[in-house]
Amino acid sequence: MKLLPSSYAVRNLGRSRSRLLLSVLGSALVVLLVMAAGAFVRGMDSSLRSTGRVDNIILAGAGSEESIERSEIDAGVGSIVAASIPGIRTSAGMAYVSPEVHVQLPLKVSAAQTRAPLITVRGITPAATLVYAHVQIIDGHLPTAGRDEVMIGAAVATKMGIAETELTIGKSVLIDNRPWKIVGHFVAPGSVTESEVWTNLGDLMTATKRTTLSCVVITVDPEEVEFADVAAFTQMRLDLELSAMPEAEYYAKLSTFFAPIRAVVWITAGLIGLGGLFGGLNTMYAAFASRVRELGTLQSLGFRRLAIVLSLVQESILATASGSLIACLAAVLLLDGLAVRFSMGVFGLVIDPFVLGLGLAAGLALGLLGALPPAWRCLRLAIPTALKAF
């Protein structure tokens, strides 16, 4: 089968610059929106899954495995665990055992602020710096007991929708209408921990009038103890009413909890792509209908219909591929790392090879599916009828 030269499709693209511009920009917009959906899903999954460490185990109240904030355990569990479970890591005589309280409280920078978003406040002890090795204090120090001090995560300002200058060291914030002094900042790259506020465990328990902990997080040495050993301890100590779960597994379950949101994002992206496809079909129908005589002439010169269809598809794909490349460039420059707020905190959109591949595939699909139906309809005409068309 004799094929039309590739230069034929390239020259036809320049016959109508306005149509070419609409095709390129339209496909770029559709592909960009599809990539934004992919970046949203990848960013949310990445932030939740990278928060948990594989060697950390969470001990929470039995029945509260899906939400630490609803968990309540005895305040003395931390010391009992440290003395009862062998294989817990230690450093300079301090065990990697972090008793904690997790609670969401409204946070404001001033009494005049009307909107007070809920921020996860975590009550900790100095052992938390051992258990959470991914958390780094970039300035200041840990909150001191009895002084109502807090340490602010790097993404808290984004979560609240305020400037970072409003959360500098020395200033105060209102947590549940109670003033707390900012004494430090920390980062935890790629995790939702950056959206939290940390304070002294005792001060938070006093402020919230709690006598129980939310959980105890321990770091174990995998060569000395397995998760099954920790789980066996919780089953033997029925009086403590504990449940053990790997920290990585806990955050993986949270990722599953947000699956409906990700599904809605994908459905929206699919509808956008479908709308773009119908728009492309209309454009191609109008473009190919005006070239019926040209297509009839090509058939009379001996080119088979399949060869003409391949040339028209090539022309369409060249336009949508150009739009896809523009969309990929825009996504890398404008969307990669863009902060998105959600109930757990803040995560950044992720433009990785998967998302780039998804965008290119969407562009190629638009070019292929947008060209085939109108091309087939125009070529169904008999050659004499096509030659008489205007």
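Below 11 angstrom from the Cβ of THR208, what's the summed charge of the other residues (Lys, Arg +1; Asp, Glu -1)?
Working: positive: ARG178, LYS209, ARG210; negative: ASP176, ASP203.
Surrounding charge for THR208 is +1.
Just add up the charged neighbours of ALA111: K/R +1, D/E -1, any other residue whose Cβ is under 15 Å from the Cβ of ALA111.
Details: positive: LYS108, ARG115, LYS171, ARG178; negative: GLU166, ASP176.
My count for the surroundings of ALA111 gives +2.
Work out the FRET efficiency for THR268 and SER110 from their Cβ-Cβ distance, taking R0 = 41 Å, and round it to the nearest 0.05. Could the numbers behind the result be given before it?
On the way: r = 37 Å, r/R0 = 0.90.
So, using R0 = 41 Å, E works out to roughly 0.65.
Whole-Hz Karplus ³J(HN,Hα) for region 313-320, in order, using 6.51 cos²θ - 1.76 cosθ + 1.60 and θ = phi - 60°, x for Gly and Pro?
Going residue by residue, I get 5, 4, 4, 5, 5, 4, 5, 6 Hz, with x marking Gly and Pro.
Go ahead and collect, in residue order, the members of region 60-84 whose backbone nitrogen is under 19 Å from a label point 7 Å along the Cα-Cβ direction of THR90.
Answer for region 60-84: 77-84.
Keeping all protein chains in the complex and leaving out DNA, RNA and ligands, what accessible area do you get for HIS134 with a 1.4 Å probe, in Å² to the nearest 10?
We get 40 Å² for HIS134.
Given H placed on each backbone N at 1.01 Å, which residues far from ARG89 in sequence or on other chains put an amide H within less than 5 Å of it?
Under 5 Å from the amide H of ARG89 lie the amide H atoms of TYR96, THR219, VAL220, ASP221, each far enough along the sequence or on another chain.
Which cross-chain or sequence-distant (5 or more) residues have an amide H under 5 Å from the amide H of ALA75, H modelled 1.01 Å from N in plane?
For ALA75, whose amide H was placed from the backbone, the distant partners under 5 Å are LEU213.
At 1.4 Å probe size, put GLU194, GLU149, GLU223 in order of accessible surface, largest to smallest.
On the way: GLU194 35, GLU149 15, GLU223 170 Å².
The ranking, largest first, comes out as GLU223, GLU194, GLU149.
Measuring from centroid to centroid over Cα atoms, what is the spacing of region 126-158 and region 25-69 in Å?
Region 126-158 and region 25-69 have Cα centres separated by 23 Å.
If you keep only loop residues by DSSP, which trypsin sites (Lys or Arg not before Pro) in region 55-140 have at most 13 other Cβ atoms within 10 Å of their Cβ? Mind showing how you got there, number by number?
Values: sites: ARG70, ARG89, LYS108, ARG115, ARG122; in loops: ARG89, ARG115.
Taking region 55-140 and a limit of 13 other Cβ atoms within 10 Å, the loop trypsin sites (Lys or Arg not before Pro) found are ARG115.
I'd like the distance between the alpha-carbon centres of region 221-283 and region 194-216, rounded to an integer number of Å.
Region 221-283 and region 194-216 have Cα centres spaced 25 Å from each other.
Determine the alpha carbon to alpha carbon distance for each of LYS159/LYS209; LYS209/LYS253; LYS108/LYS181; LYS181/LYS209 and list only those over 24 Å.
LYS159/LYS209; LYS209/LYS253
The values are calculated or read from the model by the stated rules, or taken from the named source; none is laboratory data. The model shown is predicted, which means the values in this text are computed figures rather than measured ones. Please note: Cβ atoms are built from the backbone with ideal geometry, for glycine as well, and neighbour counts cover all protein chains shown. To get the accessible areas, we keep the full protein, side chains included, count just its heavy atoms, and leave off ligands, DNA and RNA. Shrake-Rupley method; radii C 1.70, N 1.55, O 1.52, S 1.80 Å.
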